[in-house]
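Enquirer: Please read through the structure below; I'll follow up with questions.
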Amino acid sequence: MSIQKLESDVFDLISDLEADKIIFKKDTLPLDDFSTEGGELIIFTSDKKDYCVFDFWLYGEMGKLHYTYWTDTSNTIVFARRISYNYDRPYYKEGFQIDTMKHYLSFGHTKNRLFGKNRQEIFEKKETQAVQEDLRSFFNELTSGIELPN
């Protein structure tokens, strides 16, 4: 799959990664200084694909964050998925409940498109801008001290 095809169906990138995971080189970096319970960044690269994937996990006592970014070969974000898992009590307490919030954001050539948990498009401009700002700042902050693939 080519990243140029992205405008037609951004969700194909998720399926493409899952189907072809075996051809990707996988580098895992610890992210110990960004949350109370640690985290990791897994970077997927392949000479056979025109995109890279940055898969972030941050763990905390009251939840975890899972942010995944698909970038072009110059590390420009083209698609991102943000999943927040919020616990009603610390994870080590028996019977804790999990509330999940999921967003997808396509960074398009003409406009960005936001999608919710069930992949339905969200048209509220303020929410789209807030999610975009969060995704960009998260990516920039957590990758600022590492050498990104080219």
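The values are calculated or read from the model by the stated rules, or taken from the named source; none is laboratory data. Predicted model only: the values in this text are computed from it and were never measured. When we count neighbours, we look across all protein chains shown, and the Cβ atoms used for this are built from the backbone with ideal geometry, even at glycine. Note: accessible area is taken over every heavy atom of the protein model, side chains too, but ligands, DNA and RNA are not part of it. Shrake-Rupley method; radii C 1.70, N 1.55, O 1.52, S 1.80 Å.
Enquirer: Taking a cut-off of 26 Å between Cα atoms, list the lysines near K48, but don't count ones fewer than 8 places away on the same chain.
Expert: Of all the lysines, those that pass the test against K48 - Cα under 26 Å, at least 8 places apart if same chain - are K5, K21, K25, K26.
Enquirer: Taking the convex hull of the Cα atoms, report for the chain its projected area averaged over all directions, in nm².
Expert: 9.7
Enquirer: Okay, moving on. Would you work out the relative contact order for the chain, in percent, from Cα pairs under 8 angstrom that are 6 or more residues apart?
Expert: Working: 256 pairs, mean separation 19.2, N = 150.
Computed value for the chain: 13 percent relative contact order.
Enquirer: Under the 0.36 nm per residue contour assumption, what length would be gained going from the current alpha-carbon distance of D134 and I23 to full extension?
Expert: Details: separation 111, 0.36 × 111 = 39.96 nm, distance 3.03 nm.
Length gained, D134 through I23: 36.9 nm.
Enquirer: Then there is this: In the chain, carbon and sulfur make up what percent of the accessible area (probe 1.4 Å)?
Expert: Working: 4060 of 8710 Å².
In the chain, the share of accessible area belonging to carbon and sulfur is 47 percent.
Enquirer: If you don't mind, there's one more thing I want to ask. Please report, in Å, the Rg and the Dmax of region 87-144, where both are computed over Cα atoms only.
Expert: So, for region 87-144, Rg and Dmax equal 15.0, 48 Å respectively.
Enquirer: Further question: If each DSSP helix of 4+ residues adds -39,500 (n - 2.57) and the sum is divided by the residues in the chain, what number results at 222 nm, nearest 500 deg cm²/dmol?
Expert: Computed mean residue ellipticity for the chain: -6000 deg cm²/dmol.
Enquirer: What number comes out for the charge environment of F123, summing +1 per Lys or Arg and -1 per Asp or Glu over other residues with Cβ under 12 Å away?
Expert: Cβ neighbours under 12 Å give a net charge of +1.
Enquirer: I would also like to ask the following. Could you work out how much longer the chain between N75 and I14 gets when fully extended? Use 0.36 nm per residue separation minus the Cα distance between them, nm to one decimal.
Expert: 20.2 nm
Enquirer: Less than 14 Å Cβ to Cβ from C52, Lys/Arg counted +1 and Asp/Glu -1: what total charge do the surrounding residues give? Please report the intermediate quantities before stating the final value.
Expert: Values: positive: K21, K25, K26, K48, K49; negative: D16, D20, D27, D47, D50, D55, D72, E147.
In short, -3.
Enquirer: For K126 and T100 in the same chain, what is the full-extension length gain: residue separation times 0.36 nm, less their Cα-Cα distance, in nm?
Expert: 7.3 nm
Enquirer: What does the net charge come to around L105 if you take all other residues with beta carbon closer than 10 Å to its beta carbon, with K and R at +1 and D and E at -1?
Expert: +3
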